[in-house]
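Worksheet: the structure to be examined is printed underneath.
The values are calculated or read from the model by the stated rules, or taken from the named source; none is laboratory data. None of these values were measured; they are calculated from a predicted model. Please note: Cβ atoms are built from the backbone with ideal geometry, for glycine as well, and neighbour counts cover all protein chains shown. Side chains included, ligands, DNA and RNA excluded: accessible areas come from the protein's heavy atoms. Shrake-Rupley method; radii C 1.70, N 1.55, O 1.52, S 1.80 Å.
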Amino acid sequence: MDSLTPNTLLLTIDDVLRMTGYRSRSSIYRLIKRSQIPLPIMVGGGRVRWRSGDIEHWLLSLPTQSYR
């Protein structure tokens, strides 16, 4: 397991908030309910984490805004 890549890092909800720019946990859970953000994984003890690669891929797939 020493060969973990950055894409396999597990993120907390606070990490996801920082990466996405959202300000509240409820915003993230609202996106989950609408299937608009990758689902977290259960790591035990009631804790949830997101795979960093899933969040990065999701962010890169978002449409860009054009100001023409």
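Tallying residues that are part of a helix (DSSP H, G or I) and either over 8 Å from the mean Cα position of the chain (by Cα) or of a type in the set (Lys, Arg) (or both) within segment 32-56 yields 3. Can you find, within segment 5-31, the residue that is most open to solvent (accessible area, probe 1.4 Å) among those that are part of a helix (DSSP H, G or I) and among the hydrophobic types (A, V, I, L, M, F, W, C)? That would be Met19.
Of everything in segment 32-68 that's aromatic (Phe, Trp, Tyr) and open to solvent by less than 60 Å² (accessible area, probe 1.4 Å), which residue is farthest from Leu17 (Cα to Cα)? Show your work before the answer.
Here is the first cut: in segment 32-68, the ones aromatic (Phe, Trp, Tyr) are 50, 58, 67.
Then keep just the ones that are open to solvent by less than 60 Å² (accessible area, probe 1.4 Å); that gives 50, 58.
Working: Trp50: 11, Trp58: 14 Å.
Once the filter is applied, the top-ranked residue is Trp58.
I'd like the full set of residues that are out of contact with any Ser or Thr (no Cβ under 9 Å at 6 or more places or on another chain) and among the charged types (D, E, K, R), limited to segment 31-56. Once the filter is applied, which keeps residues that are out of contact with any Ser or Thr (no Cβ under 9 Å at 6 or more places or on another chain) and among the charged types (D, E, K, R), segment 31-56 yields Lys33, Arg34, Asp54, Glu56. Taking first residues from segment 35-50 that are β-branched (Val, Ile, Thr) and partners that are assigned to a loop (DSSP other than H, G, I, E, B), the Cβ contacts under 6 Å between residues at least 6 apart in sequence or on separate chains come to Val48/Pro40.
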